[in-house]
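Visitor: Below is a structure I'd like to ask you about.
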Amino acid sequence: THELLGRTSVTIYILHHGASERSAIESSIVAFGDDPADASFIDVATLGPYYVWTSEWPYDRSLESFWTVDFGPYFVLDGTGTLGIMDPRYYPWRVNDDAVPTKLATLEGLTVWRPDLDWEGGNLFSDGQGTCFTTQVHMAENLPQTQEQVETQLFDYFGCEKVIWLHVLHGEGTGHADMFFKPVTPTLVLLGEYDAGADPINAVRLEWNADILADSTNAAGQPFEVRRFPMPSNDDDIWRSYSNGIVVNDLLLVPTYAQDRSQEAEALAIFGEAFPGHTVVPIDSDGIIEWGGAIHCVTRTRPAADHAAIAPSPGALCEGAFRCTTGCGDYDFTGDCWDGLSVYCEGNEVIVELCYYNERCGWDLTDDFMYCVRRGCGSLPTEGECRTSDEGVVAAVLCVDGYPLATRCAGDEVCEVQQDTGRVGCGLPCQDECAGGEGGCEDEGHRWSCGEAGDGDSCLEPVTVACEEGTRCEDASCVAIPEDKPPKKGCGCEAGAGGQALLPLVVVLLLGAMRRRRMARAQKAGLTP
């Protein structure tokens, strides 16, 4: 607030609850040498009724958090440049925060829409020309809706003609793109980069995102230029980020951290080059980042626009129900892993768990379901094992990097040891290649019989057995070669005797042919031979 009051002429709105809280904020502004009269205060407690929490402790607050970008209004412009508000669902356990955008729309005389989406503002970026960016966490949080259904709503309500889905950071508590990403222009984006020695997992995940962006185009079909900036250390489980700042006219506010100055100068230079003509203002964010966010998370910028209602605000979506799309679709309590997230069904609702850094989404070896699990595979054998949950879900469970990771077997798949790897896996049941009791001889003289080949499955297939020396295959069995019969292969003649040995055979064949002709003539003439 101090930097904005002193450096720009924009109108600053401060949301608060009650007169005593406003007084405390004003005292803080004065302490920085600024005039509270330069800011506009909105007492949310006076904007309408709010829920007073009494289930566990008295909680009389019209505001439940300070994460303004997440629960606050999404400002949109129609084709004439008139301002409107989109208000997707926020956390159901923060119902008062969730109501703020609609209350502000009423106060400001703006039209407000509530799409059938669970969404947080720190995880939706737009270039203003039809390209939107978000992470997979919001695809998971809107299950059982399909990606197509979610993207259709993002187009209908937010004007997103193309949505680019990025991977979340592993272990970071929000799953939001503003913790590692910032769009600059329709073709230029900034993306964080972790040192592989400091954070090997997220170094890889950000490389995945770099590949996604490099292989994508914006809504106009133009490729992206991806510039990388260093990510501060998170080895103390505090997720510091330089991208969690805001652009206000010609100012660029970038969060900085006294606890880690090692890459600050490099990061500020990169942001300055990406935003030419802007004044880069470092903002100390050590205190707030411990709560999981920085400047972008506690602010919401509003574009300059005509301040009027686009249309009358529509009636309650889904007849006032919290969600239009209900149920869990194909998900059950056993759950699954979605881009490193634990996703499962509970109370006819899809629940999404973001795993801590020392956890992975995997198979809980004690309870037999997917969840965020700590390192350790117990007695899990090296080839893995097939596990079945109480709900009958079959999974192939392997120990990978010290974690029990599983693959659910779907449809007609079965879990069994795979012939090519020697480890358990899911696959379609094998098909018998022959029937039990069948057998025969091969061209090489070997015999085969139909049976189990010992290859890890129970299917029947031809099993070849070489006949021993002095035997040959006849009728699927190896039998001794009679001594008075020459071998089938080769003539057994001495070298140079070929012509002499062939003569008697040719004569016998010719005589036989002559006798058959004579017999045929005699029969034709009615004579008895």
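Visitor: Exactly one of these conditions fails for T326: (1) without any contact (Cβ under 8 Å) to a residue 60 or more places away in the chain; (2) open to solvent by less than 70 Å² (accessible area, probe 1.4 Å); (3) hydroxyl-bearing (S, T, Y). Give me its number.
Guide: (2)
Visitor: Now, a different point. Against the definition (of a type in the set (D, E) and surrounded by 21 or more Cβ atoms within 10 Å (Cβ to Cβ)), how does E148 come out, yes or no?
Guide: Numbers: of a type in the set (D, E): yes; surrounded by 21 or more Cβ atoms within 10 Å (Cβ to Cβ): no.
For E148, the condition - of a type in the set (D, E) and surrounded by 21 or more Cβ atoms within 10 Å (Cβ to Cβ) - is not met.
Visitor: When you scan segment 28-39, do you find a residue that is aliphatic (A, V, I, L, M), outside any helix (DSSP H, G or I), open to solvent by less than 60 Å² (accessible area, probe 1.4 Å) and on the phi < 0 side of the Ramachandran plot, even just one?
Guide: To start, the set of residues in segment 28-39 that are aliphatic (A, V, I, L, M) comprises 29-31, 37, 39.
The next check asks that each one be outside any helix (DSSP H, G or I); those that pass are 39.
Imposing the further condition that a residue be open to solvent by less than 60 Å² (accessible area, probe 1.4 Å) reduces the set to 39.
Checking which are on the phi < 0 side of the Ramachandran plot leaves us with 39.
The answer is yes; a qualifying residue exists.
Visitor: I've got another one for you. Go through segment 375-414 and give me each residue that's in a loop (DSSP other than H, G, I, E, B), within 24 Å of the chain's Cα centre (by Cα) and farther than 21 Å from D332 by Cα.
Guide: Matches in segment 375-414: R375, G376, C377, G384, D401, G402.
Visitor: Kindly indicate whether V168 is assigned to a helix (DSSP H, G or I) and aliphatic (A, V, I, L, M). Before you say what the answer is, go through the steps one by one.
Guide: Numbers: assigned to a helix (DSSP H, G or I): no; aliphatic (A, V, I, L, M): yes.
So V168 fails the test.
Visitor: Being of a type in the set (A, V, I, L, M, F, W, C) and without any contact (Cβ under 8 Å) to a residue 12 or more places away in the chain is the filter here, so list the residues in segment 17-42 that pass it.
Guide: Quick first cut of segment 17-42, residues of a type in the set (A, V, I, L, M, F, W, C) only: 19, 24-25, 29-32, 37, 39, 41-42.
Those that are of a type in the set (A, V, I, L, M, F, W, C) and without any contact (Cβ under 8 Å) to a residue 12 or more places away in the chain: A24, V30, A31, A37.
Visitor: So which of D178, D195 ends up being open to solvent by less than 40 Å² (accessible area, probe 1.4 Å), among the acidic types (D, E) and on the phi < 0 side of the Ramachandran plot?
Guide: D178
Visitor: Tally the residues that are farther than 29 Å from I310 by Cα, open to solvent by 60 Å² or more (accessible area, probe 1.4 Å) and among the hydroxyl-bearing types (S, T, Y), restricting the search to segment 45-86.
Guide: 4
Visitor: Moving on to the next point. Out of contact with any strand residue (DSSP E or B) (no Cβ under 7 Å at 6 or more places or on another chain) and within 27 Å of V69 (Cβ to Cβ) - does that describe any residue in segment 352-361?
Guide: Residues of segment 352-361 out of contact with any strand residue (DSSP E or B) (no Cβ under 7 Å at 6 or more places or on another chain): none.
No, the conditions are met nowhere in segment 352-361.
Yes/no matrix, rows are residues, columns are (1) β-branched (V, I, T); (2) over 14 Å from D118 (Cβ atoms):
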{"site": "A321", "(1), (2)": "no, no"}
{"site": "T334", "(1), (2)": "yes, yes"}
{"site": "D339", "(1), (2)": "no, yes"}
{"site": "S342", "(1), (2)": "no, yes"}
{"site": "C345", "(1), (2)": "no, yes"}
{"site": "E353", "(1), (2)": "no, yes"}
{"site": "Y357", "(1), (2)": "no, yes"}
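Visitor: I'm told G362 meets every condition in (1) farther than 27 Å from G454 by Cα; (2) surrounded by fewer than 18 Cβ atoms within 10 Å (Cβ to Cβ) except one. Can you identify the failing condition by its number?
Guide: Result: G362 passes all but (2).
Visitor: Inspect all residues belonging to segment 208-216 and state whether any of them is assigned to a loop (DSSP other than H, G, I, E, B), open to solvent by 30 Å² or more (accessible area, probe 1.4 Å) and on the phi < 0 side of the Ramachandran plot. Don't jump to the end; show me each part of the working.
Guide: Looking only at segment 208-216, we keep the residues that are assigned to a loop (DSSP other than H, G, I, E, B), and these are 215-216.
If we keep only those that are open to solvent by 30 Å² or more (accessible area, probe 1.4 Å) too, we end up with 215.
Among the residues that remain, those that are also on the phi < 0 side of the Ramachandran plot are: 215.
Checked segment 208-216: at least one residue is assigned to a loop (DSSP other than H, G, I, E, B), open to solvent by 30 Å² or more (accessible area, probe 1.4 Å) and on the phi < 0 side of the Ramachandran plot.
Visitor: Please determine whether any residue of segment 109-126 is open to solvent by less than 40 Å² (accessible area, probe 1.4 Å), farther than 21 Å from V76 by Cα and in contact with a helix residue (DSSP H, G or I) (Cβ under 8 Å, 6 or more places away or on another chain).
Guide: No, segment 109-126 has no match at all.
Visitor: Taking segment 299-342 only, how many residues are closer than 20 Å to L354 by Cβ and outside any loop (DSSP other than H, G, I, E, B)?
Guide: Start the filter on segment 299-342 by keeping residues that are closer than 20 Å to L354 by Cβ, which leaves 328, 331, 333-342.
Those still in the list that are outside any loop (DSSP other than H, G, I, E, B) too: 336-338, 341-342.
Total meeting the criteria: 5.
Visitor: For segment 247-287, which residues satisfy the criterion of being part of a helix (DSSP H, G or I), open to solvent by 20 Å² or more (accessible area, probe 1.4 Å) and of a type in the set (A, V, I, L, M)?
Guide: Hits for segment 247-287 are A265, L268, A269, I270.
The values are calculated or read from the model by the stated rules, or taken from the named source; none is laboratory data. Predicted model, so just to flag it, every value in this text is computed and none were measured. Positions of Cβ are generated from backbone atoms using ideal geometry, with glycine treated the same way; all protein chains shown enter the neighbour counts. Keep in mind that these areas ignore ligands, DNA and RNA; they rest on the heavy atoms of the full protein, side chains included. Shrake-Rupley method; radii C 1.70, N 1.55, O 1.52, S 1.80 Å.
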